[in-house]
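S.K.: Next up is a structure, given as structure tokens.
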Amino acid sequence: YDAIATSLRIITQGSLSFCPLVKPGGEEQASFEAFAYSFFENVQKFPEGAGESAFGQGVFGYGSGPYKNDTWPDGRFHITSGWTYHYSPREILVPFLQSDFGYHSALMLNVHFEHHRAKAIDNTLDCSEARAAAQDATRECGSITDLMWSPTAAADIVDGPAGIMMVPIYPRLDNWTITGFILGKQLWSDLLEHAFESDVQGLDVVIRTDTNTEGFTYNISDGKATFKGNGTVVDEDFADQTSDFYATRHINPNFFSNSTARYYMDIYATDEFVDEYTTNNPRAACIGAVAIILGTSLLFFLYDHFVRKEFHDKRKLLEAKRQFVRFISHEVRTPLNTVCMGLTLLKQEFNTFLEGHGHGRKNLAPLAGKKNDDALESDLVPKVQEWMDLSDQVGQNAAASVAVLSDLLHYDKIQMGTLSLELSLMHIWLSMDKIVSEFKIAARESGTNLFLDLSALMPAQERAKMDHKDKEEIRPSDLPQGIRDALVVGDNVRLVQVFRNLLSNGLKFSQDGGDLIMRARETQTNRNHKEKTFVLEKGEEVTLKQRSVLAIDVIDQGVGMTREQVATVFQDGTQFNANKFQAGGGSGLGLSIARGIALEHGGSLSCQSSGMGKGTTFTLKLPLYDSNGTTSTGSSGREEETMEETLCREQDLEFAIPKLNILVVDDVVTNRKLCMRLLQTNGHTCAGACDGKEAVDMVKASMDKGEQYDCILLDYEMPVMKGPEACQKMRQMGCNSYIAGLTGNVMSEDVDLFRSCGANWVLAKPFRLEELEEQLIEHGVASSSLEQASADNAGIVRVESDKVLRSNSGTQQPFDLSTPTASDLNDEVFEAEG
């Protein structure tokens, strides 16, 4: 009891008492009464006479009993039955035995004798019986009396409305049988002072129940509750403005019995409350908020104005930069077009002249050292050799200038996020082997040992037996099948550009006699990679599962780099000691572009160096996919070929270009004449036009005659009518000739415009015949002339190693070595066949 009373004291200042449940009359009541007085005297140490009435010792009630006519001076009488004035159906005694205040004048009072307390006790007993029947230990079956006026002996608590809380007591070994109650007097003034903060002013609070609807009214001021009167005593001005609160609903529903009294609290404002809490702050806050919104809006509009202005200025600057690049590209590429075509034509004329005298260029060196009676030839051959070498050097420098322009354009695309990739399934080993082979001559001339190292892809047992020479001799066809047929999904042209850049830099900075190694290895092979779907160049979709990450190291033993140089090597325009180390300089954009291309492929490009004089390693990482289980959807419906099939197809297949009727359209006379001469030298029939309008008229005339041009080379920038407009008009007339745009404006939007107007392809100046022929082969362009088509075997001729010519029509003819085409190719065929 002491522990229970101490814990309950935290929430109430009313009295707490313990009242056991006793059967009236008989031995149990007598035994209890004897125990109680012994408890008062020996345990509680109460003064003599504690719990006694005028009639003597025993449980008592107030007033005259129904079977006693005598009235005691203190108004009490001894109760020996369960009779009550309110006629409770339960024959029980609930005597007041113990109080947390110690000695109490009401000791031994039967609390079941009073109406409100008896009703709460009966509710608790009803609930407890239902609890036992349902075996529901979660129900506590507490109860609270209706509103009642209660006096108090506490010095700091005034009399006032209260409620008596009945908490049932269950023995530890019998959780279903009530043996007594803890009664807690709850004074509402005390509860309200706990409910409101100390600074609350001017509230009227009405406490009421379902049966006592008028209730009692308290006034709250400075957090103190003062009894105001019975019923609802509130200011009439606020009588209809109330906030009601169902108090007992918010207590644990299992705590109270269903029949317990329900308490409500109605809260009313007063003039004091209005005066206390009325403020101009909302008005000031509203005005301030509007001012802040207006000020913020003004700042926003000013910010937006300046941002738009800066954005507009940046856009103008960017557009000016792009126009500058377009202008430079056009103005540099156009004269270079003349130079490059002139050099190409000059070399072809030299070769034609020498072949007419029985000499090819590859035979010039032995011929120059041989005694010859023909003085003209002996004097001319060394000079021709010198002129052709000089032409090659001029061509290389022109190509370097074009490469700088291309770097600018690629850089612009990467910065603008418009770099588009034409994805294909690449056998990356073949591309690496091919690019290394292309750089072999340049490496030999610079005294560098360049080789492809695929040893890291070989089985560990074989790799352990290899020496340096063995590693150099490994070819893609030597790799284990799984890795040999692995694929990289990428743009072949772009990735080859990255390889060229890395090898070119490696050669540029390598030292004489050093090694330059392109090494391939696999990383992240044990990860659980997911499948990924790609859309290839021609709209075909393929789904591949990644097997690993391919790391391609380009390792040189050159000048190396400092830590600071490594940190900035991929920044735009970076060049280190250009005058000392770099012959020919460069744009300084190559590595930045290469890194951008790697990122577009889902890979990375990094650089490592141990310091000056210790060489440099560039590492390109790309996702590597298994070819097994490749699924594809698209018009082709083909299966992916293995690396061997790709290699055989490339080795076994050569092409001869048919002789075409070509219209060359260019407003620059020199360019037009050189281009026509270059094409005519290669056997084509050519006509020329000086602008787009003349070209459209010539195409219309040729269509009227039924002699349509096979190919039209159409310049972009021309007077009267530009190339794209002329192309569009030709297509509208029904012209189905192969139209190749030719332009120095190679910005992506210029190329897209040309293509949207009907061009099959757009070639960048300087014009390269090889590039045109590659596109003619890919698109299967054939001569429309019956006579020429018959002479050329009805289209582009594919020469295969089985000595059979196969035309586009699918017919086969014996390989006749006497034909001009076969005569040009027989050396290569015999060489391929051994």
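The values are calculated or read from the model by the stated rules, or taken from the named source; none is laboratory data. Note that the structure is a prediction, hence the values are computed from the model and not measured. FYI the Cβ positions are ideal-geometry reconstructions off the backbone, even for glycines, and counts take in every protein chain you see. All accessible areas refer to the heavy atoms of the entire protein, side chains included, with ligands and DNA or RNA removed. Shrake-Rupley method; radii C 1.70, N 1.55, O 1.52, S 1.80 Å.
S.K.: Tell me the label-point distance for the pair Gln348, Gln680, using the 7 Å Cα-to-Cβ offset, in nm and rounded to one decimal.
M.R.: Distance between the two pseudo-spin positions: 1.1 nm.
S.K.: Continuing with the same structure: Going by amide H atoms built from the backbone, whose H comes under 5 Å of the H on Lys765, apart from near neighbours?
M.R.: When sequence neighbours closer than 5 places are left aside, the close amide H contacts are Thr743, Gly744.
S.K.: If you don't mind, another one. Would you kindly state how much longer the chain becomes between Thr138 and Asp237 on full extension, computed as 0.36 nm times their sequence separation minus their alpha carbon distance, in nm to one decimal?
M.R.: On the way: separation 99, 0.36 × 99 = 35.64 nm, distance 4.66 nm.
My answer for the length gained is 31.0 nm.
S.K.: Right, here's the next one. Which distance in nm do the two modelled labels at Asn628 and Asp222 give, with both placed 7 Å along the Cα-to-Cβ direction?
M.R.: 9.0 nm
S.K.: Quick check: net charge around Ala598, other residues with Cβ under 13 Å of its Cβ, Lys/Arg +1 and Asp/Glu -1? Please list the in-between numbers first.
M.R.: Details: positive: Arg494, Arg595, Lys621; negative: Asp491, Glu600.
Counting the neighbours of Ala598, the net charge comes to +1.
S.K.: Also, I was wondering about something else. Report ³J(HN,Hα) in whole Hz for each residue of region 671-680, in order, from the Karplus equation J = 6.51 cos²θ - 1.76 cosθ + 1.60 where θ = phi - 60°; Gly and Pro get x.
M.R.: Listing the rounded values in order: 4, 5, 5, 5, 5, 5, 5, 4, 5, 5 Hz.
S.K.: Amide H of Ala689: which non-local residues (sequence gap of 5 or more, or other chain) have their own amide H closer than 5 Å, using H built in the peptide plane?
M.R.: Hits under the 5 Å cutoff: Val664, Val665, Asp666.
S.K.: In addition: Is the shape of region 100-190 best called rounded, prolate or oblate, per the rule: a/c under 1.5 gives rounded, else a/b larger than b/c gives prolate, else oblate, with a ≥ b ≥ c the square roots of the Cα gyration tensor eigenvalues?
M.R.: On the way: a/c = 2.29, a/b = 1.92, b/c = 1.19.
Note, shape of region 100-190 comes out prolate.
S.K.: Rounded to the nearest percent, how much of the accessible area of region 177-286 (1.4 Å probe, protein heavy atoms only) is carbon and sulfur?
M.R.: Working: 2900 of 6050 Å².
Its accessible area is 48 percent carbon and sulfur atoms.
S.K.: Residue by residue through region 113-123, what is 3J(HN,Hα) from phi via Karplus (6.51 cos²θ - 1.76 cosθ + 1.60, θ = phi - 60°)? Round to whole Hz and write x for glycine and proline.
M.R.: The phi angles translate into 6, 8, 4, 5, 5, 4, 5, 5, 5, 5, 4 Hz.
S.K.: Need one value: the accessible area of Met265 in square angstrom, 1.4 angstrom probe, rounded to the nearest 10.
M.R.: 30 Å²
S.K.: Going toward the positive end of the dipole of region 68-171, with +1 on Lys and Arg Cβ and -1 on Asp and Glu Cβ, which of Ala137, Ala162, Gly102 do you reach last?
M.R.: Ala137
S.K.: Continuing with this model, one more query. So if R0 is 41 Å, what FRET efficiency would Arg755 and Gln481 give, r being the distance between their Cβ atoms, rounded to the nearest 0.05?
M.R.: Values: r = 40 Å, r/R0 = 0.98.
FRET efficiency, Arg755 to Gln481: 0.50.
S.K.: Just from the alpha-carbon atoms, what are the Rg and Dmax of region 31-144 in angstroms?
M.R.: Every Cα atom of region 31-144 included, Rg and Dmax give 16.0, 48 Å.
S.K.: Determine ³J(HN,Hα), in whole Hz, for all residues of region 614-622 in sequence, where each value follows from phi through the Karplus function 6.51 cos²θ - 1.76 cosθ + 1.60 and θ = phi - 60°; x replaces Gly and Pro.
M.R.: Working through the residues one at a time gives 10, x, 9, 10, 9, 10, 9, 10, 9 Hz.
S.K.: Then there's this: Can you give the local net charge around Ser17? Use residues other than it whose beta-carbon is closer than 10 angstrom to its beta-carbon, Lys and Arg +1, Asp and Glu -1. Numbers along the way, then the final one.
M.R.: Numbers: positive: Lys185; negative: Asp100.
Net charge in that neighbourhood comes out at 0.
S.K.: A follow-up question, please. On average over all directions, what projected area in square nanometres does region 16-57 have, based on the convex hull of its Cα atoms?
M.R.: On the way: hull surface 14.6 nm².
Seen from a random direction, the Cα hull of region 16-57 projects 3.7 nm² on average.
S.K.: Roughly what would the spin-label model give for Val200 and Ser610, points 7 Å off Cα along C-beta, in nm?
M.R.: The two pseudo-label positions are separated by 8.1 nm.
S.K.: So what's the net charge close to Phe35: Lys and Arg +1, Asp and Glu -1, counting the other residues with Cβ under 13 Å from its Cβ? Can you show the working numbers first?
M.R.: Numbers: positive: none; negative: Glu27, Glu28, Glu33, Glu41.
Counting the neighbours of Phe35, the net charge comes to -4.
S.K.: What residues have an amide H closer than 5 Å to that of Gly558, excluding those fewer than 5 places away on the same chain, when H is modeled at 1.01 Å from N in the peptide plane?
M.R.: Residues meeting the amide H criterion: Gln511, Gly615, Thr616.
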